[in-house]
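Report on the following structure.
The values are calculated or read from the model by the stated rules, or taken from the named source; none is laboratory data. Just so we're clear, the structure is a prediction, and the values are computed from it rather than from any experiment. Counting neighbours? That spans all protein chains shown, and the Cβs are built from the backbone with ideal geometry, glycine included.
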Amino acid sequence: RFFRALPLPDGTTFGSYTEAMCGFNVAGPKSREMLQRMTNTSLATQDFPFMRSKWIELAGVRCLALRVSFTGDLGWELHCETQDQALLFKALIAAGEEFGAGPVGSRALMSLRIEKGYGSWSREYSPEYWPQEVGLDRLCKMDKEFLNKSAVAETLAKPAREHLVVLALDAAQADASHADATGGEPIFKDGKGIGRVTSGAYGYTVGKSLALGFVKGAKAGDEVDVMVLGKPHKAQILAEPPFDPKGARLRG
């Protein structure tokens, strides 16, 4: 409805490809090596940088490849025509055998993204949160013209009401309770409620019980309490995500 209500630039068309295309995500430190064996297109960083896309062929299937990954590690999104989905899936599984690669579920993806501090739509990101509250204000390019720019500028000028943070729960307490935060748990500081957890999981790569959440009146390094299964668990607000905080693996 949004695009239909606006005049599009000359030569631009708009259409829905939800039913026509489907996709896969291949991620991990060996994802480039695995995919390179399936295509003649160079996947080296100098030829295919982070946040770029191009049409390539993988095992004979034409794909729109995007150099992005929700896991926080090196990876690609691969979008192909729906009719080629099964063929591409079989080719990916076959190519991944020698690397120990295989399908992963939503819990594994949850753990990986939280280690990287990546928010998820409807949990950490929604129209209710402002860019400066979730760390996305750096992506608002105010030196360019765009629709409703004045509204964005007005929002960015306001002080953040709360901040999205990464929390590391006390290892001994998390082990003793055999539980991690999952979302919805209240966060306290000095006995006062200051926020709530939006996502949580055990980070197997970094060996920590982690959570994402919104807090008020707290900063990196502060000690807080997260109520897990109704019991307070000590936690520390981290200054940066515990996995690859500089993005070297993601961009390498």
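Considering only residues in segment 158-171 that are of a type in the set (Gly, Ala, Ser) and not in a strand (DSSP E or B), the one that is surrounded by the fewest Cβ atoms within 10 Å (Cβ to Cβ) turns out to be Ala171. Residues in segment 60-73 that are over 20 Å from Gly105 (Cβ atoms) and surrounded by 17 or more Cβ atoms within 10 Å (Cβ to Cβ): 5 in all. Contact map, segment 37-51: residues that are in contact (Cβ under 8 Å) with a residue 40 or more places away in the chain paired with residues that are part of a loop (DSSP other than H, G, I, E, B), Cβ distance under 6 Å, separation 6+ or inter-chain. Pairs shown: Met38/Ala59; Phe50/Arg67. Only a single criterion out of (1) buried (at least 18 other Cβ atoms within 10 Å of the Cβ); (2) assigned to a helix (DSSP H, G or I); (3) touching a residue at least 40 places away in the same chain (Cβ under 8 Å) is not satisfied by Ser199, namely (2). Consider Ala174 carefully, then state whether it is in the same structural domain as Ala211 (by TED's automatic domain parsing), part of a helix (DSSP H, G or I) and either under 20 Å from Lys116 (Cα atoms) or small (Gly, Ala, Ser) (or both). Yes, satisfied. Flag not set for Asn40, criterion: farther than 29 Å from Phe146 by Cα and touching a Ser or Thr at 6+ places or on another chain (Cβ under 7 Å). A single entry from Gly200, Gly193, Gly207, Gly183 fulfils the requirement of being out of contact with any strand residue (DSSP E or B) (no Cβ under 6 Å at 6 or more places or on another chain) and either modelled with pLDDT of 95 or more or not assigned by TED's automatic domain parsing to the domain that holds Asp222 (or both): Gly207. In segment 104-120, the count of residues that are among the aromatic types (Phe, Trp, Tyr), outside the structural domain of Asn25 (by TED's automatic domain parsing) and closer than 29 Å to Leu35 by Cβ is one or more. Within segment 162-173, does at least one residue satisfy the condition of being within 16 Å of Asp222 (Cα to Cα), of a type in the set (Asp, Glu), touching a residue at least 24 places away in the same chain (Cβ under 8 Å) and touching a Gly at 6+ places or on another chain (Cβ under 7 Å)? Yes, the conditions are met somewhere in segment 162-173. Taking the numbered list (1) on the phi < 0 side of the Ramachandran plot; (2) outside the structural domain of Leu167 (by TED's automatic domain parsing); (3) surrounded by 14 or more Cβ atoms within 10 Å (Cβ to Cβ) in turn, Arg52 passes all entries but (3). The C-beta contact set for segment 202-229 (first residue basic (Lys, Arg), second residue buried (at least 16 other Cβ atoms within 10 Å of the Cβ) and at pLDDT 95 or above, distance under 7 angstrom, 6+ apart or interchain) comprises Lys208/Ala168; Lys208/Pro242; Lys216/Glu162; Lys216/Ile194; Lys216/Gly195; Lys219/Ile237.
Any idea which of (1) in contact with a helix residue (DSSP H, G or I) (Cβ under 8 Å, 6 or more places away or on another chain); (2) surrounded by fewer than 11 Cβ atoms within 10 Å (Cβ to Cβ) is the one Cys80 doesn't satisfy? Unmet condition: (2). Within segment 110-152, the set of residues being over 14 Å from Leu212 (Cβ atoms) and outside any loop (DSSP other than H, G, I, E, B) comprises Pro131, Gln132, Asp137, Arg138, Leu139, Lys149, Ser150, Ala151, Val152. All of Gly100, Gly96, Gly184 fail the test of being under 30 Å from Glu57 (Cα atoms) and surrounded by fewer than 14 Cβ atoms within 10 Å (Cβ to Cβ), apart from Gly100.
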